[in-house]
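Before any comments, here is the structure.
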Amino acid sequence: MIPDVSQALTWLEQHPQALQGIKRGLERETLRVTPDGHLAQTAHPESVGAALTHKWITTDFAEALLEFITPVDGNVDHMLTFLRDLHRYTSRNMGDELMWPLSMPCFVESSDKIELAQYGSSHIGRFKTLYREGLKNRYGALMQTISGVHYNISFPIEFWKARLGVTDAESGKEAISAGYFKLIRNYYRFGWVIPYLFGASPAICGSFLQGKKPALPFEKTERGMYYLPYGTSLRLSDLGYTNKSQSNLGITFNDLETYVCGLKRAIHTPSEEYAALGLTKDGKHLQLNTNVLQIENELYAPIRPKRVTLPGESPSDALLRGGIEYIEVRSLDNNPFSPVGVDEKQVRFLDLFVVWCALADAPEMSSDELACTKTNWNRVILEGRKPGLTLGIGCQTAQYPLVQVGKDLFRDLRRVAETLDSIAGDRQYQQVCDELVACFDNPDLTYSARILRSMLEKGIGGTGLELANKYHEMLRSEPLEVLSEADFSAEHDESWTRQRKMEAQDSEPFESWLARQG
């Protein structure tokens with residue numbers, strides 16, 4: 001089932017320096033909760049800074065949903081320490097509130113209690129909140145409080161020069177984009193390994209269902225927790241952020257032009273369902289528009305091709321201008337065993353896996369085959385630790401044991417690890433391989449199995465609060481390592497200055513400005 005990557009791995013071993021200079025970044029989401037485990041009803045802490053314009057600390061869907069963003073970094077340890085500093089500072093500026101360590105939300109009494117993220121009175125601030133109003137009305141607010149970690153990675157130009165023969169990023173942008181699309185296609189085919197190893201949401205709080213009958217074959221505990229005995233990541237299941245109308249868009253990942261065309265088509269395709277919602281009610285906006293996607297970022301995907309946008313530029317126009325610059329991996333649950341939601345082992349594994357995806361052959365995929373890859377993902381998401389579980393190739397013409405496929409993959413990953421370790425002169429990547437490959441023979445070592453044991457003993461609330469309190473005290477007491485109090489103070493002041501400047505500059509009525517955005 002695993003493609004033959006031996007020639008590409010031999011090439012890599014002969015060109016180890018091609019991987020020197022990999023750049024990464026992390027985005028981690030986490031809910032603010034009260035000391036008793038309920039969703040916080042307070043505003044984003046002003047003492048942290050302005051969520052609209054802060055470089056490192058913002059909010060996602062809800063006012064209570066924190067998001068931490070690291071700058072682009074070439075050093076794994078430095079990046080994780082930077083992320084930890086963001087958590088340390090924030091934990092000291094949120095009173096007695098805690099950061100929820102799990103991907104699936106805490107106890108939410110009612111979705112009416114979920115306040116949309118607020119970004120002030122500037123046009124762009126109001127636009128961001130209105131986009132979230134649309135998400136709430138389309139999919140429900142509770143779905144949008146599910147949190148996770150995004151991992152961004154870009155390969156150095158030297159990799160593409162050596163691998164593809166390009167001379168520079170500008171003239172080689174089409175070849176480089178094709179290389180990243182090959183990576184993405186392999187990710188769709190084999191990325192189920194991420195929820196298998198690191199999925200950490202096998203259960204949900206009963207409040208998440210809001211009185212509805214569950215569609216999945218859950219078992220239920222006396223405490224009201226619903227769980228799948230072999231489940232790995234309910235965050236990635238149909239319980240999570242999905243858009244059924246997106247499944248018919250036919251967006252593929254074979255080349256830049258067809259991908260962007262598909263994306264642009266989606267934001268201009270009317271939806272009968274969303275038209276029925278209406279644009280306004282009682283003078284209040286309900287969504288940005290009534291198309292299948294309000295904006296491009298609404299497209300649900302476990303991985304995205306990205307380029308940093310210029311002011312006023314859409315993500316797809318940025319891709320057309322300069323090609324793919326980096327990849328955003330979006331399949332990581334919050335790691336409940338880390339105070340910052342992600343750890344070095346995961347980052348190093350993702351390094352290995354995306355390098356492998358970039359090296360392995362990846363035949364082009366029709367939209368039908370792309371849909372077929374979801375079968376393997378769903379099996380792993382809902383019953384990944386089930387003994388004897390099999391996975392299929394393409395549209396399931398042949399079945400292979402997950403355990404064997406995983407071991408075959410790790411045999412290749414170990415050769416990538418040896419190459420990366422040769423650059424640094426240590427064995428850190430090989431140690432990650434040794435530790436994680438054991439999860440195939442012993443599924444009890446996976447994150448989902450480990451966290452489910454705690455949840456069955458203490459409940460979701462008990463497990464979440466125990467970890468939240470532990471990490472809160474830990475982070476509050478630790479000194480900053482990369483950033484300083486002066487750095488945070490300066491960014492706090494500058495973020496508020498930037499927001500107020502934006503608000504002062506917006507003289508056009510919001511309604512007419514909004515009409516021009518479509």
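The values are calculated or read from the model by the stated rules, or taken from the named source; none is laboratory data. As the structure is a prediction and not an experimental result, all values here were calculated from the model. Quick reminder, even Gly has a Cβ in these numbers, built from the backbone with ideal geometry, and neighbours come from all protein chains shown. For accessibility, only protein heavy atoms count, side chains too; no ligands or nucleic acids. Shrake-Rupley method; radii C 1.70, N 1.55, O 1.52, S 1.80 Å.
Identify all residues within the range 227-281 that are among the polar types (S, T, N, Q), open to solvent by less than 20 Å² (accessible area, probe 1.4 Å), part of a loop (DSSP other than H, G, I, E, B) and at pLDDT 95 or above; write none if there are none.
T232
Whether any residue in the range 198-209 is of a type outside the set (D, E), open to solvent by 40 Å² or more (accessible area, probe 1.4 Å) and farther than 15 Å from W377 by Cα is what I want to check. Can you show your working first?
So in the range 198-209, the residues of a type outside the set (D, E) come out as 198-209.
With open to solvent by 40 Å² or more (accessible area, probe 1.4 Å) added as a condition, the list becomes none.
No - not one qualifying residue is present in the range 198-209.
Select, from T290, T309, the only residue that is open to solvent by 40 Å² or more (accessible area, probe 1.4 Å), free of Cβ contacts under 8 Å to residues at least 60 places away in the same chain, more than 28 Å from T373 (Cβ to Cβ) and of a type in the set (S, T, Y). Talk me through it step by step, then tell me what you get.
Details: T290 fails: open to solvent by 40 Å² or more (accessible area, probe 1.4 Å).
Testing whether each residue is open to solvent by 40 Å² or more (accessible area, probe 1.4 Å), free of Cβ contacts under 8 Å to residues at least 60 places away in the same chain, more than 28 Å from T373 (Cβ to Cβ) and of a type in the set (S, T, Y) leaves just T309.
Only one of (1) in a loop (DSSP other than H, G, I, E, B); (2) more than 30 Å from Y447 (Cα to Cα); (3) not aliphatic (A, V, I, L, M) is not met by S316, so which one is it?
Unmet condition: (1).
Quick one: which helices (runs of 4 or more DSSP H) lie wholly within the range 420-508 and hold at least 1 residues that are touching a residue at least 40 places away in the same chain (Cβ under 8 Å) and over 26 Å from the mean Cα position of the chain (by Cα)? Lay out the reasoning, then the answer.
Numbers: elements: 428-441, 447-477, 485-505.
Those helices (runs of 4 or more DSSP H) span 447-477, 485-505.
Return a yes/no flag: does the range 326-336 have any residue that is within 23 Å of the chain's Cα centre (by Cα), of a type outside the set (G, A, S) and part of a helix (DSSP H, G or I).
Of the residues in the range 326-336, the ones within 23 Å of the chain's Cα centre (by Cα) are 326-336.
Of the ones still in play, those that are also of a type outside the set (G, A, S) are 326-330, 332-336.
Next cut, part of a helix (DSSP H, G or I) only: none.
No, the conditions are met nowhere in the range 326-336.
Run L475 past the list (1) touching a helix residue (DSSP H, G or I) at 6+ places or on another chain (Cβ under 8 Å); (2) open to solvent by 50 Å² or more (accessible area, probe 1.4 Å) and report the number of the one that doesn't hold.
(2)
Does A18 satisfy being assigned to a loop (DSSP other than H, G, I, E, B) and open to solvent by less than 20 Å² (accessible area, probe 1.4 Å)?
Considered against the rule, which asks whether it is assigned to a loop (DSSP other than H, G, I, E, B) and open to solvent by less than 20 Å² (accessible area, probe 1.4 Å), A18 comes out as no.
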